[in-house]
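Asker: Supplied in structure tokens, the structure appears directly below.
Where a number appears in this text, it was derived from the coordinates with a stated rule and is not lab data. Computed from a predicted model, the values in this text were never measured in an experiment. Note: ideal-geometry Cβ built from the backbone for every residue, glycine included; neighbour counts use all protein chains shown.
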Amino acid sequence: GAVVSQHPSRVICKSGTSVKIECRSLDFQATTMFWYRQFPKQSLMLMATSNEGSKATYEQGVEKDKFLINHASLTLSTLTVTSAHPEDSSFYICSARMGGPMNYGYTFGSGTRLTVV
Amino acid sequence: EDQVTQSPEALRLQEGESSSLNCSYTVSGLRGLFWYRQDPGKGPEFLFTLYSAGEEKEKERLKATLTKKESFLHITAPKPEDSATYLCAVQADQAGTALIFGKGTTLSVSS
């Protein structure tokens, strides 16, 4: 089945530094990748949508200069949290979409727990 | 505004005690309704996709159904390993290709 690999699974960084999270589709080409953020006991909140080779589309309220998304190939998307602060601590999850019009399966990565100290 | 509401927020069952989780949705045009299971500290794991009212899908102890306003996830004779958070999500016409998630139902099954 479709597998999405997300790394790292956990990261602790100092306030003011940047952190990069990778999301790879291992056995399929992902035309679209999504980045979500999840706070404890809350739902997944969409941050941005990215299509290979084009700029990401950010949801309202998400700072695009702070959360840099790169989707350089059909199998890799990265999220960089720049100048991280404690309020950026959260669980970040990527998702990749595959298939044609009627087979738009969505596969999720295992998530990255970011803690900013 | 597209919206997904799940109930109850939390559900405690005894092993073998069947029940149902509800997902009601308000969307401009439903392209698909998805059920996922999420374990603590993990990403969502795909369970089902439903596309049209009247559709049903089953997998082991789980059965998902869909009407024009809501979906149910029926759990028959649950086991402790079914304990998890169950997420419902929709893909709507106005949302492009992104999924809109509900807050989930956290299920605890005790032996």
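Asker: Which whole-Hz couplings ³J(HN,Hα) result when phi for each residue of the stretch B:70-86 is put into the Karplus expression 6.51 cos²θ - 1.76 cosθ + 1.60, θ = phi - 60°, listed in order with x for Gly and Pro?
Answerer: Per-residue couplings from phi come out as 7, 10, 10, 10, 8, 10, 9, 6, x, 10, x, 5, 7, 4, 4, 9, 9 Hz.
Asker: I'd like the antiparallel share, as a percent to the nearest 5, of DSSP beta bridges with both residues in chain A. Numbers along the way, then the final one.
Answerer: Details: 38 of 42 bridges.
Around 90 percent of the beta bridges assigned by DSSP in chain A are antiparallel ones.
Asker: Could I ask something else about it? Apply the Karplus parameterisation 6.51 cos²θ - 1.76 cosθ + 1.60, with θ equal to phi minus 60°, to every residue of the stretch B:53-58 and state each ³J(HN,Hα) to the nearest whole Hz, in sequence, with x for glycine and proline.
Answerer: 4, x, 6, 9, 9, 10
Asker: Once you keep just the Cα pairs under 8 angstrom separated by 6 or more residues, what percentage relative contact order results for chain A?
Answerer: On the way: 292 pairs, mean separation 42.7, N = 117.
Taking the mean separation of contacting Cα pairs over the length of chain A, I get 37 percent.
Asker: Starting from the 7 Å offset along Cα-to-Cβ, what nm value, one decimal, do you get for the label separation of A:T80 and B:S7?
Answerer: 4.6 nm
Asker: Along the stretch B:8-24, what does the Karplus equation 6.51 cos²θ - 1.76 cosθ + 1.60 (θ = phi - 60°) give for ³J(HN,Hα), rounded to whole Hz, x for Gly and Pro?
Answerer: So the Karplus estimates, Gly and Pro as x, are x, 5, 9, 9, 10, 10, 8, 3, x, 8, 6, 7, 9, 10, 10, 9, 9 Hz.
Asker: Would you please calculate the Kirkwood hydrodynamic radius of the stretch B:49-111 over all C-alpha pairs and express it in Å, rounded to one decimal?
Answerer: Kirkwood hydrodynamic radius for the stretch B:49-111: 13.1 Å.
Asker: Let me ask you something else. Starting from the Cα gyration tensor of the protein assembly as shown, take the square roots of the eigenvalues, sort them a ≥ b ≥ c, and report rounded, prolate or oblate (rounded when a/c is under 1.5, otherwise prolate if a/b is larger than b/c, else oblate). Numbers along the way, then the final one.
Answerer: Working: a/c = 1.90, a/b = 1.43, b/c = 1.33.
It comes out prolate by the Cα gyration axes.
Asker: Whose amide H sits under 5 Å from the amide H of B:A53, counting only residues 5 or more places off or on another chain, with H placed in the peptide plane?
Answerer: none
Asker: If you don't mind, another one. Over all distinct alpha-carbon pairs, what is the Kirkwood Rh of the stretch A:20-116 in angstrom?
Answerer: Averaging 1/r across every pair of different Cα atoms and inverting gives 13.6 Å.
Asker: So how much slack lies between A:K64 and A:S15, counting 0.36 nm per residue of separation and subtracting their Cα-Cα distance, in nm?
Answerer: Extra length from A:K64 to A:S15 when fully extended: 15.8 nm.
Asker: Looking at chain B, I'd like the Rg to Rh ratio, where Rg is from alpha-carbon atoms and Rh is Kirkwood's inverse mean 1/r.
Answerer: Taking Rg over the Kirkwood Rh, I get 0.96.
Asker: Please identify every one of the trypsin sites (Lys or Arg not before Pro) in the stretch A:51-117 that sits in a loop by DSSP and has no more than 15 other beta carbons within 10 Å of its own beta carbon.
Answerer: Values: sites: A:K55, A:K64, A:K66, A:R97, A:R113; in loops: A:K55, A:K64, A:K66.
Hits after loop and neighbour filter: A:K55, A:K64, A:K66.
Asker: Okay, moving on. Show the residues, 5+ positions off or on another chain, whose built amide H is closer than 5 Å to the amide H of A:I21.
Answerer: Distant-sequence amide H within range of A:I21: A:L79, A:T80, A:V81.
Asker: Taking only Cα atoms and a 10 Å spring cutoff, compute GNM fluctuations for chain B and point out the largest among B:G32, B:G43, B:G16.
Answerer: B:G43
Asker: Related question: Pull up all non-local amide H partners of A:A48: gap of 5 or more, or a different chain, and H-to-H distance under 5 Å with H placed in the peptide plane.
Answerer: Here the answer is A:W35, A:E59, since their amide H atoms fall under 5 Å of that of A:A48.
Asker: Next question. Taking 7 Å along the Cα-to-C-beta vector as the label spot, tell me the A:S54-A:L26 distance in nanometres, rounded to one decimal.
Answerer: Result for the modelled spin labels: 3.0 nm.
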